[in-house]
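A short worksheet on the structure shown next.
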Amino acid sequence: MEEKRIDLESVDLATFTGSNDANLKPLESRLAANIFIRGNSALIRGSKEEISTAEKILKEMQFVLNTSGKLSISDVETIIDLTLQGREIIGESEFDNIILYTRQEPIKAKTPTQIKYYQSVRTNDICFAIGPAGTGKTYLAVAFAVAAMKKGIVQRIILARPAVEAGESLGFLPGDFKEKIDPYLKPLYDALQDMLPSDQLKNFIEKGIIEIVPLAYMRGRTLNNAYVILDEAQNATTMQMKMFLTRLGPNSKAIITGDITQIDLPNKSMSGLVQVQEILNGVDGIDFIYFNKNDVVRHRLVRDIINAYDEFKNGNGSH
């Protein structure tokens with residue numbers, strides 16, 4: 001007899017097991033494997049084949065609960081029927097790529113590079129995601145952070161962006177400093193609004209559990225028990241990049257995202273994201289993930305636009 005432990009941290013355990021463990025009774029009566037709930041995990045005992053079947057059913061139950069917000073005995077019976085017939089609600093490999101459950105649909109790694117990205121942030125404390133727009137670098141980074149906070153791995157999230165004037169000066173924009181800086185930070189707000197209920201997001205921001213700040217505000221801080229994201233990092237200077245990376249405290253993780261073809265700094269050679277690839281390459285615990293146009297997950301035309309610009313740059317338009 002073998003045994004395997006399955007993580008149940010991503011679900012509400014009381015809803016998962018049902019009233020008086022009602023959702024577990026069909027498992028006990030219809031499966032040969034023995035299943036025991038221990039804290040936030042399930043222990044399965046049986047033969048290798050029996051464990052595999054039980055694991056698939058438990059994962060399907062988690063998926064149904066997290067996507068619909070409920071799980072009934074009827075749901076469990078249907079899941080068992082489909083699994084024993086060799087049919088699945090969601091494939092096992094697809095389940096493993098789910099990063100975060102939202103009210104709309106699960107956020108998951110879709111392309112091979114996104115899957116590699118997900119695996120990298122699980123095993124490294126600092127991960128650089130470099131590549132063109134539309135490849136999910138920032139959106140997934142925020143999802144990683146929200147998922148880690150929900151699981152209690154970190155206590156807070158800090159998202160930062162360089163406030164580089166892309167063609168206009170902050171001084172000439174209307175409003176106070178917050179009103180001037182908010183447009184630069186809006187993409188981060190947009191991602192969070194997809195992942196958290198608006199009242200909860202507002203509460204987290206008011207309490208400082210989630211901070212969205214210009215990169216300059218990171219100076220002098222030590223960030224413990226936090227998930228820290230630097231977005232648009234191609235617009236951070238070498239000194240700003242060093243400053244950001246050295247803010248990391250105990251039990252913290254960092255993701256740095258950027259596109260080195262979209263540098264808005266006056267001197268492109270000043271980009272900290274360009275230089276850091278050479279400085280930190282090969283350092284244990286730090287990984288670099290490179291996206292390309294094949295990873296674009298926005299509108300189908302985005303990839304065509306990137307291709308057209310690449311051809312223009314490499315052709316007559318490069319002069």
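Can you tell me the order of 152-158, 134-140 when each peptide is scored by its average per-residue count of other Cβ atoms within 10 angstrom, highest first?
Details: 152-158: 17.6, 134-140: 23.7.
The densest-packed peptide leads the list: 134-140, 152-158.
Computing Rg and the Kirkwood Rh from the Cα coordinates of the chain gives a ratio, Rg/Rh, of 1.04. Coupling constants for segment 53-64 follow from the phi torsions by the Karplus curve (6.51 cos²θ - 1.76 cosθ + 1.60, θ = phi - 60°), and in residue order they are 5, 5, 5, 4, 5, 4, 5, 5, 4, 4, 4, 4 Hz; glycine and proline get x.
What longest region of the chain stays clear of GluC sites (Glu not before Pro) that DSSP places outside H, G, I, E and B and that have at most 15 other Cβ atoms within 10 Å?
Values: sites that count: Glu9, Glu165, Glu168.
Longest run free of exposed loop sites: 10-164.
Gain on full extension, evaluated as 0.36 nm per residue between Asn292 and Gln155 minus their Cα-Cα distance, stands at 46.1 nm.
Of all accessible surface on the chain at a 1.4 Å probe, what whole percent is carbon and sulfur? Working shown, then result.
Numbers: 8270 of 16900 Å².
So the carbon and sulfur contribution to the accessible surface is 49 percent.
Return one whole number: the accessible area per residue of the chain in Å², for a 1.4 Å probe. Could the numbers behind the result be given before it?
Numbers: 16900 Å² over 319 residues.
Heavy-atom SASA per residue in the chain reads 53 Å².
Per-residue Karplus couplings for segment 246-257, computed as 6.51 cos²θ - 1.76 cosθ + 1.60 with θ equal to phi - 60°, are listed in order as 8, 7, 5, x, x, 6, 10, 10, 9, 10, 10, 10 Hz, Gly and Pro entered as x.
On the basis of the beta-carbon distance and an R0 of 45 Å, Ala216 and Leu13 show a calculated FRET efficiency of 0.60.
With +1 on each Lys and Arg Cβ and -1 on each Asp and Glu Cβ, how big is the dipole of the chain about its Cα centre, in debye rounded to the nearest 20? Intermediate values should be presented prior to the final figure.
Numbers: 37 positive and 41 negative charges, 104 e Å.
Dipole magnitude for the chain comes out near 500 debye.
Helical content of the chain, expressed as a calculated mean residue ellipticity at 222 nm, amounts to -13000 deg cm²/dmol (DSSP H runs of 4 or more residues, -39,500 (n - 2.57) each, divided by residue number, nearest 500).
Between Thr123 and Ser198, what FRET efficiency follows from the Cβ-Cβ distance if R0 is 45 Å, with the result rounded to 0.05? If you can, show how the numbers build up before the last one.
Working: r = 33 Å, r/R0 = 0.74.
That pair, Thr123 with Ser198, gives E of 0.85.
A cut-off of 5 Å between modelled amide H atoms, ignoring neighbours fewer than 5 places along the same chain, links Ile212 with Leu159. Past 30 Å, Cα to Cα, is the threshold; run Lys56/Lys207; Lys150/Lys268; Lys4/Lys110; Lys150/Lys293; Lys4/Lys151 against it and keep the listed order. Among Lys56/Lys207; Lys150/Lys268; Lys4/Lys110; Lys150/Lys293; Lys4/Lys151, the Cα-Cα distance tops 30 Å for Lys56/Lys207; Lys150/Lys268; Lys150/Lys293.
The values are calculated or read from the model by the stated rules, or taken from the named source; none is laboratory data. This structure is a prediction, so every number in the text was calculated from the model and none was measured. Backbone-built Cβ (ideal geometry, glycine too); neighbour counts: all protein chains shown. Each accessible area value is taken on the protein alone, full model and side chains, heavy atoms only, with ligands, DNA and RNA left out. Shrake-Rupley method; radii C 1.70, N 1.55, O 1.52, S 1.80 Å.
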